[in-house]
Amino acid sequence: MKEADASLQAKVWIRLARASNNTFKQCQAYEKAIEILKKESSVEIVEVYIEFAEWLLRNGYELKDVVDNLFTASDILVDIEIDNDEDEDEEPEKGSTIFSRNSRGKKSKISKGTKNKSNIGAKSKKSVI
């Protein structure tokens, strides 16, 4: 599964977390999904952090761990919005205007040959086990 898409790998880990009866294995599966999505700087990590925070709350983990995961998810969303705002301020050379789902109807400018990335790799999560 090493060659598989990171998003697909993370979805498999999340499915394993949901299906497992063992709390420790569920926690490990969520952490593995987050680790994979961090490496790929994927926006999907936000939903995983939120789901993991819900799971932590349901399973009696410390409220601090729940809040830390939710803050990490919100930090990622703020970083994405800041990146989108910076992209709007730049004048593209031979670019095109598109509507981004992340910016909820705001116009984003993307120049040919450039790739829009968020700064997800800068965030870290403390271990809860």
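Would it be correct to say that N59 is over 24 Å from S42 (Cβ atoms) and either surrounded by 12 or more Cβ atoms within 10 Å (Cβ to Cβ) or of a type in the set (S, T, N, Q) (or both)? Against the criterion (over 24 Å from S42 (Cβ atoms) and either surrounded by 12 or more Cβ atoms within 10 Å (Cβ to Cβ) or of a type in the set (S, T, N, Q) (or both)), N59 qualifies. Among the residues here, I129 qualifies as on the phi < 0 side of the Ramachandran plot, loosely packed, with under 11 Cβ neighbours inside 10 Å and modelled with pLDDT under 75. Hey, can you tell me all the residues within the stretch 1-49 that are within 11 Å of the chain's Cα centre (by Cα) and among the charged types (D, E, K, R)? Correct list: E35, K38, K39, E40, E44, E47. If you check L70 against the conditions, is it in contact with a helix residue (DSSP H, G or I) (Cβ under 6 Å, 6 or more places away or on another chain) and without any contact (Cβ under 8 Å) to a residue 24 or more places away in the chain? The answer is yes for L70.
Considering E51, E47, the condition of being buried (at least 17 other Cβ atoms within 10 Å of the Cβ), modelled with pLDDT of 90 or more and out of contact with any Asp or Glu (no Cβ under 8 Å at 6 or more places or on another chain) is satisfied by E51 alone. Among the numbered conditions (1) touching a strand residue (DSSP E or B) at 6+ places or on another chain (Cβ under 6 Å); (2) modelled with pLDDT of 70 or more; (3) surrounded by fewer than 13 Cβ atoms within 10 Å (Cβ to Cβ), the only one that K107 does not meet is (2).
The values are calculated or read from the model by the stated rules, or taken from the named source; none is laboratory data. Here the structure is a predicted model, which means the values were calculated and not measured. All Cβ positions, even for glycine, are placed from backbone atoms using ideal geometry, and neighbour counts span all protein chains on display.
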